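Reading through the structure tokens given below for one structure.
The values are calculated or read from the model by the stated rules, or taken from the named source; none is laboratory data. Only a predicted model underlies this, so the values are computations on that prediction, with no experimental measurement involved. Neighbour counts are summed over all protein chains in view; Cβ atoms, including those assigned to glycine, are modelled from backbone coordinates with ideal geometry. Only protein heavy atoms, including side chains, enter the accessible area calculation; ligands, DNA and RNA are left aside. Shrake-Rupley method; radii C 1.70, N 1.55, O 1.52, S 1.80 Å.
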Amino acid sequence: MKHLRTILMLIVVFALTLSACAPAATPAPVEEPAPAEPTAAPMEPTAAPAEPTAEPAPAGLTCAEPIKVGLITDVSGALAIYGAHILRSFMLGMEYVSGAPGSAGEKFDIAAAQENTFKVENCEIQVFVRDDASNPENTATIARELIDVQKVNILVGTVSSGATATLQGIAFESKIPLIVAPAAANDITGVNFNEYTFRTSRNNYQDAINECAYLTKQYASFIQIAPDYAFGRGSAAAFRDACTLNGATFVAEDIFAPLDTTDFTTYMEQIANSGAESYIVSWAGGGFVPLMQAAKDQGVTDTMALGATFIDNTLMPVWYGNAVGSTSGIIYHYSAPQNNPINDFLVANTKPRYGVNPDLFDADGMNAAIMLVEALKLSGGAADGASLVKVMEGMTFEGPKGTVYIRPEDHVAIQDMYILKLTNVTDPDAAFYEYVDTTRPEPPCLLPEALKDRCGALPYGSLSGQ
């Protein structure tokens, strides 16, 4: 290897989301003053006091019937590594807001149970869990079963952006709010937008804005490769826009390979011969391993810098050993949020139960649970689609990454992201980083032309608005 220039790794790992918040504190009782001694016998009342017309409403969240939530994620498919993040963190998020584990116990195991019931104040919330294996046909079948048979009020999911597009359409037809987590494709709250789709996951643009601000300080010319579907094409467009706006040049057209590619030799030959200083990779799932092997075999890793965000804790030691000392962007790492008690809860409870610390998408799953409950509080326990959409547009809530703002124009989740310095890849607790900075990317509005008026004053179509 001629020199080690591997610095910022951007693997916009992907998948999709909903959330809620901790119960409001009970006000401290106020002492009543002692009654004064009467100086004379009290007068008889001239009339009986009026009877109250209604019972006072009970404090906190109340629902007339149990709220039913359908959680769809990847347990057995190509993106199951990320589905595991969502499954455990959603359940921990529900435990955080309810104050106790659900009916399935402290550790949720989908092999043992597909339902988990929580009591949040005066409201029962039933969570039905399903595995779609990131297959859109499975997603469609599962979603219809959850809606038609289980009668769910809210959907959460899923990991694959392609499967999420299918889920969006079904949720819209049924007027069921969908919270996307952790799928990242721009299209989810862009060309595929509908009023019932929300997200706690970031989008491709937020990744690109976070990364390009730093990447373009190191390199001037780029080429990029991405999977040939919504996530990959959205990521490539976002990186081209964000890095170009920061003064970078792309020396060739973007390269798109099928998602199921296992031999990347021809693609890496194109990259090796491009003359670019750095190659940007956006990939999700297992395909990243053969991609990087091909880059090594074709000499790309010897002559070009890899421009990509830091990735999940499992793959960091495999591919980032040469990048120790480098600085890059990341969606979330359990060490990144500063002075955040919700993140502290997530960290304190994940490893004792699941054997690992929170990973890349755990914040998305927990945020989905918190958002869900917070929306129900705002709606007064009403779980019909119209009531929830009304309160979810423009809402803010606190999660493991701090304040999340659901932008009313397009339902993008504005949230903190991080810049970290890689200090090692060997720590058994995945304590790989030193904190550098927190960013809060504001992506452009990407709604279809017919809905452009919703975007208001936001830049439309690109960061420059051109």
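So the values come out like this:
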| quantity | calculated |
| --- | --- |
| Odd one out for Cys455, checked against (1) closer than 24 Å to Ala171 by Cβ; (2) of a type outside the set (Lys, Arg); (3) surrounded by fewer than 16 Cβ atoms within 10 Å (Cβ to Cβ) | (3) |
| Residue count, the range 417-440 (criterion: of a type outside the set (Val, Ile, Thr), surrounded by fewer than 23 Cβ atoms within 10 Å (Cβ to Cβ) and under 21 Å from the mean Cα position of the chain (by Cα)) | 6 |
| Residues satisfying the stated conditions in the range 139-189, i.e. hydrophobic (A, V, I, L, M, F, W, C), part of a loop (DSSP other than H, G, I, E, B) and either open to solvent by 20 Å² or more (accessible area, probe 1.4 Å) or in contact with a Gly (Cβ under 7 Å, 6 or more places away or on another chain) (or both) | Val149, Val152, Val159, Ile176, Ala181, Ala185 |
| Residue in the range 319-336 that is closer than 22 Å to Phe222 by Cβ, among the hydrophobic types (A, V, I, L, M, F, W, C) and open to solvent by 20 Å² or more (accessible area, probe 1.4 Å) present | yes |
| Residue in the range 337-359 that is among the charged types (D, E, K, R), open to solvent by less than 10 Å² (accessible area, probe 1.4 Å) and in contact with a helix residue (DSSP H, G or I) (Cβ under 7 Å, 6 or more places away or on another chain) present | no |
| Residue selected from the range 106-129 under the condition within 28 Å of Gly380 (Cα to Cα) and open to solvent by 20 Å² or more (accessible area, probe 1.4 Å), by the criterion farthest from the chain's Cα centre (by Cα) | Asn122 |
| Near pairs, Cβ below 7 angstrom, 6+ apart or cross-chain, from the range 258-286 (on the phi > 0 side of the Ramachandran plot and small (Gly, Ala, Ser)) to any residue that is assigned to a loop (DSSP other than H, G, I, E, B) and crowded, with 23+ Cβ neighbours inside 10 Å | Gly285/Leu79 |
| The range 384-412: number of residues that are open to solvent by 20 Å² or more (accessible area, probe 1.4 Å) and either under 16 Å from the mean Cα position of the chain (by Cα) or not hydroxyl-bearing (Ser, Thr, Tyr) (or both) | 12 |
| Restricting the range 270-326 to residues that are among the aromatic types (Phe, Trp, Tyr), in contact with a helix residue (DSSP H, G or I) (Cβ under 8 Å, 6 or more places away or on another chain) and part of a loop (DSSP other than H, G, I, E, B), the residue that is nearest to Gly232 (Cα to Cα) | Trp283 |
| Test: residue in the range 190-204 that is open to solvent by less than 10 Å² (accessible area, probe 1.4 Å), among the aliphatic types (A, V, I, L, M) and on the phi < 0 side of the Ramachandran plot | no |
| Number of positions in the range 255-307 that are under 26 Å from the mean Cα position of the chain (by Cα), of a type in the set (D, E, K, R) and crowded, with 16+ Cβ neighbours inside 10 Å | 0 |
| Complete set of residues in the range 205-218 that are surrounded by fewer than 24 Cβ atoms within 10 Å (Cβ to Cβ) and touching a helix residue (DSSP H, G or I) at 6+ places or on another chain (Cβ under 9 Å) | Ala213, Thr216 |
| Cβ pairs under 9 Å, 6+ apart, first in the range 212-231 and farther than 18 Å from Gln270 by Cβ and modelled with pLDDT under 95, second open to solvent by less than 10 Å² (accessible area, probe 1.4 Å) and of a type in the set (Val, Ile, Thr) | Leu215/Ile280; Ala230/Thr164; Ala230/Ile188; Phe231/Val12 |
| Of the criteria (1) touching a residue at least 40 places away in the same chain (Cβ under 8 Å); (2) aromatic (Phe, Trp, Tyr); (3) open to solvent by 40 Å² or more (accessible area, probe 1.4 Å), which one Phe239 fails | (3) |
